[in-house]
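Asks: I'd like to ask you about the structure that follows.
The values are calculated or read from the model by the stated rules, or taken from the named source; none is laboratory data. Bear in mind the structure is a predicted one, so any value in this text is a computation, not a measurement. Reconstructed Cβ throughout: ideal geometry from the backbone, glycine too, with neighbour counts over all protein chains shown. The accessibility values were calculated without ligands, DNA or RNA, using every heavy atom of the protein model including side chains. Shrake-Rupley method; radii C 1.70, N 1.55, O 1.52, S 1.80 Å.
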Amino acid sequence: MEIRQIQYFLEAAKREHITEAADALHVAQSSVSRQIFNLEAELGVELFIREGRSVKLTPLGRVFFERMKQIWSMMEDAKREVEESLDPEKGTVRIAFPISMAAHTLPSIIYSFRTRYPEAKFHMSNALYYDLIDGVINGEFNLAMIAPMPNREKEDKINGATLFTENIVALLPLHHPLSNQKELQLKDLKNDPFCVLPEGFVFRDQVVKACHDAGFSPQIAFEGKDIDALKGLVSAGLGVALMPEMTLVDNTPRSTCVIPLSDVNLTRTVGVIYPSHRKLLPTESLFYQFLLETYERLNEFKK
(Lines give C-alpha, C1' and ligand atoms only; values in the text may rest on other atoms or scores of the structure.)
Protein backbone atom coordinates (compact mmCIF):
# COMPACT_ATOMS: atom_id res chain seq x y z
CA MET A 1 0.00 0.00 0.00
CA GLU A 2 1.15 3.50 -0.82
CA ILE A 3 0.49 6.64 1.23
CA ARG A 4 -1.26 8.22 -1.74
CA GLN A 5 -3.63 5.26 -2.02
CA ILE A 6 -4.58 5.58 1.65
CA GLN A 7 -5.04 9.35 1.36
CA TYR A 8 -7.29 9.05 -1.71
CA PHE A 9 -9.27 6.20 -0.17
CA LEU A 10 -9.91 8.15 3.05
CA GLU A 11 -11.04 11.25 1.18
CA ALA A 12 -13.42 9.28 -1.04
CA ALA A 13 -14.82 7.37 1.94
CA LYS A 14 -15.38 10.59 3.90
CA ARG A 15 -17.12 12.41 1.03
CA GLU A 16 -18.80 9.38 -0.58
CA HIS A 17 -18.12 10.94 -3.97
CA ILE A 18 -15.14 10.58 -6.31
CA THR A 19 -15.49 14.03 -7.90
CA GLU A 20 -15.70 15.80 -4.54
CA ALA A 21 -12.72 13.80 -3.25
CA ALA A 22 -10.70 14.75 -6.34
CA ASP A 23 -11.62 18.42 -5.92
CA ALA A 24 -10.57 18.37 -2.27
CA LEU A 25 -7.27 16.71 -3.18
CA HIS A 26 -6.71 18.99 -6.22
CA VAL A 27 -6.19 16.03 -8.55
CA ALA A 28 -8.07 14.50 -11.49
CA GLN A 29 -11.00 12.14 -10.91
CA SER A 30 -9.20 9.47 -12.90
CA SER A 31 -6.25 9.63 -10.51
CA VAL A 32 -8.46 9.01 -7.48
CA SER A 33 -10.32 6.17 -9.19
CA ARG A 34 -7.08 4.53 -10.36
CA GLN A 35 -5.43 4.66 -6.92
CA ILE A 36 -8.52 3.15 -5.25
CA PHE A 37 -8.75 0.38 -7.87
CA ASN A 38 -5.06 -0.41 -7.33
CA LEU A 39 -5.62 -0.54 -3.57
CA GLU A 40 -8.59 -2.89 -3.97
CA ALA A 41 -6.58 -5.10 -6.33
CA GLU A 42 -3.76 -5.35 -3.82
CA LEU A 43 -6.14 -6.19 -0.95
CA GLY A 44 -8.25 -8.54 -3.07
CA VAL A 45 -11.57 -7.05 -1.92
CA GLU A 46 -13.97 -4.31 -2.99
CA LEU A 47 -13.91 -1.39 -0.59
CA PHE A 48 -16.74 0.59 -2.22
CA ILE A 49 -20.16 0.07 -3.71
CA ARG A 50 -20.16 2.33 -6.77
CA GLU A 51 -23.11 4.26 -8.20
CA GLY A 52 -21.64 6.49 -10.87
CA ARG A 53 -19.33 8.92 -9.13
CA SER A 54 -21.00 8.25 -5.78
CA VAL A 55 -19.48 5.57 -3.55
CA LYS A 56 -20.42 3.89 -0.30
CA LEU A 57 -18.21 1.69 1.85
CA THR A 58 -18.76 -2.05 1.83
CA PRO A 59 -18.80 -3.76 5.26
CA LEU A 60 -15.12 -4.69 4.83
CA GLY A 61 -14.46 -1.21 3.48
CA ARG A 62 -15.85 0.30 6.67
CA VAL A 63 -13.55 -1.87 8.82
CA PHE A 64 -10.60 -0.86 6.66
CA PHE A 65 -11.67 2.82 6.82
CA GLU A 66 -11.72 2.88 10.64
CA ARG A 67 -8.25 1.33 10.80
CA MET A 68 -6.82 3.62 8.14
CA LYS A 69 -8.22 6.70 9.92
CA GLN A 70 -6.26 5.73 13.02
CA ILE A 71 -3.10 5.03 11.03
CA TRP A 72 -3.39 8.31 9.12
CA SER A 73 -3.87 10.21 12.35
CA MET A 74 -0.75 8.57 13.80
CA MET A 75 1.23 9.49 10.67
CA GLU A 76 0.08 13.10 10.88
CA ASP A 77 0.93 13.16 14.59
CA ALA A 78 4.40 11.80 13.87
CA LYS A 79 5.02 14.52 11.29
CA ARG A 80 3.76 17.22 13.64
CA GLU A 81 5.84 15.84 16.51
CA VAL A 82 9.02 16.21 14.48
CA GLU A 83 8.07 19.75 13.42
CA GLU A 84 6.95 20.85 16.89
CA SER A 85 9.99 19.36 18.60
CA LEU A 86 12.03 21.99 16.81
CA ASP A 87 9.80 24.76 18.23
CA PRO A 88 6.82 23.72 20.43
CA GLU A 89 5.77 27.34 20.91
CA LYS A 90 4.71 27.57 17.24
CA GLY A 91 2.79 24.31 16.93
CA THR A 92 -0.91 23.43 16.91
CA VAL A 93 -3.18 22.25 19.72
CA ARG A 94 -6.07 20.03 18.62
CA ILE A 95 -8.68 20.30 21.33
CA ALA A 96 -12.37 19.50 21.64
CA PHE A 97 -14.88 20.86 24.13
CA PRO A 98 -18.58 20.87 25.08
CA ILE A 99 -20.60 23.81 23.83
CA SER A 100 -21.07 25.01 27.43
CA MET A 101 -17.39 26.03 27.49
CA ALA A 102 -17.47 27.92 24.21
CA ALA A 103 -18.53 31.31 25.56
CA HIS A 104 -16.11 31.88 28.44
CA THR A 105 -13.89 29.06 29.73
CA LEU A 106 -12.04 28.02 26.59
CA PRO A 107 -11.67 31.49 25.02
CA SER A 108 -10.25 32.82 28.30
CA ILE A 109 -7.63 30.10 28.67
CA ILE A 110 -6.63 30.23 24.99
CA TYR A 111 -6.23 34.01 25.20
CA SER A 112 -3.97 33.59 28.24
CA PHE A 113 -1.93 30.87 26.53
CA ARG A 114 -1.44 32.89 23.35
CA THR A 115 -0.41 35.92 25.41
CA ARG A 116 2.55 33.80 26.49
CA TYR A 117 2.97 31.90 23.20
CA PRO A 118 1.57 34.21 20.47
CA GLU A 119 2.50 31.94 17.54
CA ALA A 120 0.68 28.87 18.88
CA LYS A 121 -2.30 27.73 16.81
CA PHE A 122 -5.50 25.92 17.72
CA HIS A 123 -7.75 23.49 15.89
CA MET A 124 -11.00 23.30 17.86
CA SER A 125 -14.07 21.06 17.70
CA ASN A 126 -17.16 20.81 19.88
CA ALA A 127 -18.96 17.58 20.69
CA LEU A 128 -21.30 15.88 23.12
CA TYR A 129 -19.94 14.30 26.29
CA TYR A 130 -19.48 10.70 25.14
CA ASP A 131 -18.28 11.81 21.71
CA LEU A 132 -15.52 13.79 23.45
CA ILE A 133 -14.36 10.65 25.24
CA ASP A 134 -14.60 8.48 22.11
CA GLY A 135 -12.84 11.13 20.03
CA VAL A 136 -9.88 11.22 22.41
CA ILE A 137 -9.65 7.42 22.47
CA ASN A 138 -9.85 6.93 18.69
CA GLY A 139 -7.48 9.77 17.81
CA GLU A 140 -9.91 12.32 16.40
CA PHE A 141 -8.34 14.80 18.82
CA ASN A 142 -5.66 14.55 21.48
CA LEU A 143 -7.09 16.83 24.15
CA ALA A 144 -10.61 17.55 25.32
CA MET A 145 -12.04 19.84 27.95
CA ILE A 146 -14.92 18.00 29.60
CA ALA A 147 -17.50 18.23 32.38
CA PRO A 148 -17.98 16.25 34.48
CA MET A 149 -14.70 14.37 34.56
CA PRO A 150 -15.20 10.71 33.52
CA ASN A 151 -14.91 7.94 36.06
CA ARG A 152 -11.31 6.71 35.73
CA GLU A 153 -12.32 3.17 36.74
CA LYS A 154 -14.59 2.97 33.70
CA GLU A 155 -12.43 4.96 31.28
CA ASP A 156 -9.06 3.24 31.49
CA LYS A 157 -8.12 4.45 28.00
CA ILE A 158 -7.87 8.08 29.06
CA ASN A 159 -5.81 10.16 31.45
CA GLY A 160 -6.35 13.69 32.58
CA ALA A 161 -6.88 16.04 35.47
CA THR A 162 -9.69 17.90 37.20
CA LEU A 163 -9.09 21.61 36.76
CA PHE A 164 -11.83 22.99 39.00
CA THR A 165 -15.24 22.34 40.50
CA GLU A 166 -18.05 24.74 39.69
CA ASN A 167 -21.46 25.34 41.22
CA ILE A 168 -24.76 24.63 39.56
CA VAL A 169 -27.07 27.65 39.89
CA ALA A 170 -30.71 28.42 39.15
CA LEU A 171 -31.68 30.74 36.32
CA LEU A 172 -35.11 32.28 36.91
CA PRO A 173 -37.27 34.76 35.00
CA LEU A 174 -36.84 38.23 36.45
CA HIS A 175 -40.44 38.37 37.72
CA HIS A 176 -40.40 34.92 39.31
CA PRO A 177 -41.80 34.97 42.90
CA LEU A 178 -38.41 33.80 44.24
CA SER A 179 -36.25 36.13 42.15
CA ASN A 180 -35.43 38.34 45.15
CA GLN A 181 -33.99 35.47 47.23
CA LYS A 182 -30.26 35.41 47.99
CA GLU A 183 -30.21 31.62 47.66
CA LEU A 184 -32.61 28.72 47.14
CA GLN A 185 -32.89 25.03 47.78
CA LEU A 186 -33.68 22.99 44.71
CA LYS A 187 -36.91 21.73 46.25
CA ASP A 188 -38.18 25.34 46.25
CA LEU A 189 -38.56 24.95 42.45
CA LYS A 190 -40.52 21.67 42.51
CA ASN A 191 -43.72 23.32 41.25
CA ASP A 192 -42.04 25.22 38.42
CA PRO A 193 -41.81 24.15 34.78
CA PHE A 194 -38.21 23.27 33.87
CA CYS A 195 -36.31 24.07 30.69
CA VAL A 196 -33.70 21.37 30.01
CA LEU A 197 -31.31 20.13 27.35
CA PRO A 198 -32.43 17.30 25.03
CA GLU A 199 -32.05 13.59 25.77
CA GLY A 200 -28.45 12.46 25.38
CA PHE A 201 -26.88 15.43 27.16
CA VAL A 202 -25.11 14.45 30.37
CA PHE A 203 -26.01 17.76 32.00
CA ARG A 204 -29.73 17.04 31.48
CA ASP A 205 -29.24 13.72 33.33
CA GLN A 206 -27.48 15.57 36.14
CA VAL A 207 -30.37 18.05 36.45
CA VAL A 208 -33.00 15.30 36.56
CA LYS A 209 -30.99 13.30 39.12
CA ALA A 210 -30.49 16.39 41.30
CA CYS A 211 -34.25 16.98 41.33
CA HIS A 212 -34.90 13.36 42.25
CA ASP A 213 -32.35 13.63 45.06
CA ALA A 214 -34.24 16.71 46.27
CA GLY A 215 -37.45 14.67 46.44
CA PHE A 216 -39.31 15.51 43.24
CA SER A 217 -39.48 14.83 39.51
CA PRO A 218 -39.00 17.98 37.42
CA GLN A 219 -41.90 19.14 35.27
CA ILE A 220 -40.07 19.30 31.95
CA ALA A 221 -41.90 21.92 29.91
CA PHE A 222 -39.38 22.85 27.20
CA GLU A 223 -36.18 21.52 25.69
CA GLY A 224 -33.46 23.78 24.32
CA LYS A 225 -30.85 22.47 21.91
CA ASP A 226 -28.02 24.12 23.86
CA ILE A 227 -27.27 26.32 26.87
CA ASP A 228 -28.01 29.54 24.97
CA ALA A 229 -31.41 28.18 23.95
CA LEU A 230 -32.19 27.45 27.60
CA LYS A 231 -31.30 31.02 28.49
CA GLY A 232 -33.72 32.24 25.85
CA LEU A 233 -36.54 30.07 27.15
CA VAL A 234 -36.06 31.33 30.71
CA SER A 235 -35.76 34.91 29.49
CA ALA A 236 -39.13 34.47 27.77
CA GLY A 237 -40.65 33.44 31.11
CA LEU A 238 -41.37 29.86 30.00
CA GLY A 239 -39.75 28.16 32.98
CA VAL A 240 -36.68 27.85 35.17
CA ALA A 241 -33.38 26.13 34.43
CA LEU A 242 -30.31 24.88 36.22
CA MET A 243 -27.04 26.10 34.74
CA PRO A 244 -23.31 25.52 35.17
CA GLU A 245 -22.12 28.73 36.79
CA MET A 246 -19.42 29.41 34.20
CA THR A 247 -21.97 29.58 31.37
CA LEU A 248 -23.38 32.75 32.94
CA VAL A 249 -20.12 34.62 33.43
CA ASP A 250 -20.46 37.86 31.45
CA ASN A 251 -23.43 36.29 29.68
CA THR A 252 -26.56 36.44 31.85
CA PRO A 253 -29.55 37.21 29.61
CA ARG A 254 -31.82 40.16 30.22
CA SER A 255 -35.09 39.47 32.04
CA THR A 256 -33.47 36.72 34.12
CA CYS A 257 -31.72 36.43 37.46
CA VAL A 258 -29.15 33.98 38.79
CA ILE A 259 -29.80 32.49 42.23
CA PRO A 260 -27.24 30.28 44.05
CA LEU A 261 -28.45 26.90 45.29
CA SER A 262 -27.59 25.82 48.81
CA ASP A 263 -27.81 22.10 48.04
CA VAL A 264 -24.27 20.93 48.73
CA ASN A 265 -24.21 18.27 45.99
CA LEU A 266 -25.02 20.65 43.15
CA THR A 267 -21.58 20.98 41.59
CA ARG A 268 -19.77 19.52 38.62
CA THR A 269 -16.12 18.87 37.94
CA VAL A 270 -14.44 20.42 34.92
CA GLY A 271 -11.26 18.93 33.55
CA VAL A 272 -9.11 17.98 30.60
CA ILE A 273 -8.51 14.49 29.21
CA TYR A 274 -6.04 12.91 26.80
CA PRO A 275 -5.43 9.34 25.55
CA SER A 276 -3.49 7.05 27.86
CA HIS A 277 -2.08 5.07 24.93
CA ARG A 278 -0.64 8.03 23.00
CA LYS A 279 1.86 10.69 23.98
CA LEU A 280 0.78 14.30 23.70
CA LEU A 281 2.52 16.23 20.95
CA PRO A 282 4.97 18.93 22.12
CA THR A 283 2.66 21.94 21.73
CA GLU A 284 -0.29 20.07 23.22
CA SER A 285 1.88 19.02 26.15
CA LEU A 286 2.84 22.66 26.62
CA PHE A 287 -0.84 23.66 26.66
CA TYR A 288 -1.76 20.82 29.05
CA GLN A 289 0.88 21.93 31.56
CA PHE A 290 -0.30 25.52 31.14
CA LEU A 291 -3.86 24.42 32.04
CA LEU A 292 -2.68 22.62 35.17
CA GLU A 293 -0.54 25.53 36.36
CA THR A 294 -3.18 28.17 35.61
CA TYR A 295 -6.03 26.47 37.42
CA GLU A 296 -3.81 25.44 40.32
CA ARG A 297 -3.05 29.13 40.86
CA LEU A 298 -6.72 30.10 40.48
CA ASN A 299 -7.84 27.42 42.95
CA GLU A 300 -5.24 28.56 45.48
CA PHE A 301 -6.40 32.14 45.03
CA LYS A 302 -10.02 31.15 45.73
CA LYS A 303 -8.97 29.51 48.99
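Asks: Determine which residues of the stretch 228-266 fall in the zone a paramagnetic label at Lys187 would reach in this model, i.e. backbone nitrogen under 18 Å from the point 7 Å along Cα→Cβ.
Replies: Only 261-266 pass the distance filter.
Asks: If you don't mind, there's one more thing I want to ask. Tell me which residues come under 5 Å, amide H to amide H, from His17 once H is placed; ignore anything under 5 positions away on its chain.
Replies: Amide H neighbours of His17: Val55.
Asks: So what does log10 I(q)/I(0) come out to for the chain at q = 0.07, 0.15 Å⁻¹, using the Debye formula with one equal point on every Cα and no solvent?
Replies: Results for the chain at q = 0.07, 0.15 Å⁻¹ read -0.38, -1.14.
Asks: Taking 0.36 nm per residue of sequence separation and subtracting the Cα-Cα distance, how much length would be gained by fully extending the chain between Asn159 and Met1, in nm to one decimal?
Replies: Contour length minus Cα-Cα distance gives 53.5 nm.
Asks: Hey, can you rank 62-73, 113-124 by average C-beta count inside 10 Å, highest first?
Replies: Going by the mean number of other Cβ atoms within 10 Å, highest first, we get 62-73, 113-124.
Asks: Another question, then. Each residue of the stretch 48-64 in turn: what ³J(HN,Hα) in whole Hz from Karplus with 6.51, -1.76, 1.60 and θ = phi - 60°, glycine and Pro shown as x?
Replies: Couplings: 10, 9, 9, 9, x, 8, 7, 9, 9, 5, 6, x, 5, x, 5, 4, 4 Hz.
Asks: Can you list, bin by bin at 10 Å, the percent of alpha carbon pairs in the stretch 5-112, starting at 0?
Replies: 13, 32, 25, 21, 9, 0
Asks: Report the residue, chosen from Val208, Val249, Val240, that carries the largest GNM mean-square fluctuation when the chain is represented by alpha-carbon nodes joined by springs under 10 Å.
Replies: Among Val208, Val249, Val240, the largest mean-square fluctuation in the Gaussian network model of the chain belongs to Val249.
Asks: What order do you get for 265-271, 254-260 when each peptide is scored by the mean count of other beta carbon atoms within 10 Å, highest first?
Replies: Sorting 265-271, 254-260 by mean packing, highest first, produces 265-271, 254-260.
Asks: To continue, here is another question. What number, rounded to the nearest 500 deg cm²/dmol, is the helix-based mean residue ellipticity at 222 nm of the chain, given -39500 (n - 2.57) per DSSP H run of at least four residues and division by all its residues?
Replies: Mean residue ellipticity, 222 nm, calculated: -13500 deg cm²/dmol.
Asks: What number, in percent, do you get for the relative contact order of the stretch 163-266 if the mean sequence gap of Cα pairs under 8 Å and at least 6 apart is divided by its residue count?
Replies: 47
Asks: Shifting gears a bit: According to the Kirkwood expression over distinct Cα-Cα pairs, how big is the hydrodynamic radius of the stretch 1-65, in Å?
Replies: So the Kirkwood estimate lands at 11.3 Å.
Asks: Let me ask something else about it. Between the stretch 80-133 and the stretch 160-188, what's the alpha-carbon centroid distance in Å?
Replies: First find each Cα centre; the distance between them is then 30 Å.
Asks: I'd like the Karplus ³J(HN,Hα) series for the stretch 160-168: coefficients 6.51, -1.76, 1.60, θ = phi - 60°, whole numbers in Hz, and an x wherever there's a Gly or Pro.
Replies: x, 8, 7, 8, 6, 10, 10, 7, 9
Asks: Let me ask something else about it. Compute the signed sum of charges (Lys and Arg +1, Asp and Glu -1) over the other residues within less than 13 Å, Cβ to Cβ, of Pro198.
Replies: -2
Asks: Rg/Rh for the stretch 163-266: what does it come to with C-alpha atoms and Rh from Kirkwood?
Replies: 0.91
Asks: Determine the share of the stretch 163-266's accessible area contributed by carbon and sulfur atoms, expressed in whole percent, with a 1.4 angstrom probe.
Replies: 49
Asks: What are the ³J(HN,Hα) values, in whole Hz, obtained from phi via the Karplus relation 6.51 cos²θ - 1.76 cosθ + 1.60 with θ = phi - 60°, for each residue of the stretch 184-197 in sequence order, with x given for Gly and Pro?
Replies: 3J(HN,Hα) across the stretch 184-197, in whole Hz: 10, 9, 4, 5, 5, 9, 5, 9, 8, x, 9, 9, 9, 6.
Asks: Quick one: divide the alpha-carbon radius of gyration of the stretch 36-79 by 2.2 N^0.38 Å and tell me what you get.
Replies: Rg over 2.2 N^0.38 Å, computed on Cα atoms: 1.31.
Asks: So, one more: Taking the Cα centre of the stretch 163-266 as origin, sum charge times position over the Cβ atoms of Lys and Arg (+1) and Asp and Glu (-1), and report the length of that vector in debye to the nearest 20.
Replies: Here the stretch 163-266 has a charge dipole of around 220 debye.
Asks: Further question: At 0.36 nm per residue, and after removing the present C-alpha to C-alpha distance, how many nm does the segment from Glu293 to Tyr130 gain when stretched out fully?
Replies: Gain on extension, Glu293 to Tyr130, equals 56.0 nm.
Asks: Based on the mean of other Cβ atoms within 10 Å per residue, sort peptides 46-54, 160-168, 227-235 so the most packed one is first.
Replies: Result, highest mean Cβ count within 10 Å first: 227-235, 160-168, 46-54.
Asks: Only Cα pairs under 8 Å and at least 6 apart count here; give the relative contact order of the stretch 1-65 as a rounded whole percent.
Replies: Relative contact order here is 32 percent.
Asks: Charges only on Cβ, +1 for Lys and Arg, -1 for Asp and Glu: so what's the dipole of the chain about the Cα centre, in debye to the nearest 20?
Replies: So the magnitude is around 200 debye.
Asks: Right, something else. Pairing the Cα long axis of helix 202-213 with the longest principal axis of the chain, what angle in degrees results, from 0 to 90 and rounded to the nearest 10?
Replies: So the helix axis and the longest Cα principal axis differ by about 30 degrees.
Asks: Please work out how much length the chain gains when fully extended from Val258 to Ser54, using 0.36 nm per residue of separation minus the C-alpha to C-alpha distance, in nm with one decimal.
Replies: Gain in length upon complete extension: 68.2 nm.
Asks: While we're on this one: Would you pull out the residues with amide H under 5 Å of Val240's amide H, same chain only if 5 or more places away, H placed 1.01 Å from N?
Replies: Phe194, Cys195
Asks: Sticking with this one: What does the charge count near Ala24 come to, summing +1 for each Lys or Arg and -1 for each Asp or Glu among other residues with Cβ under 13 Å from its Cβ?
Replies: Value of the local net charge: -2.
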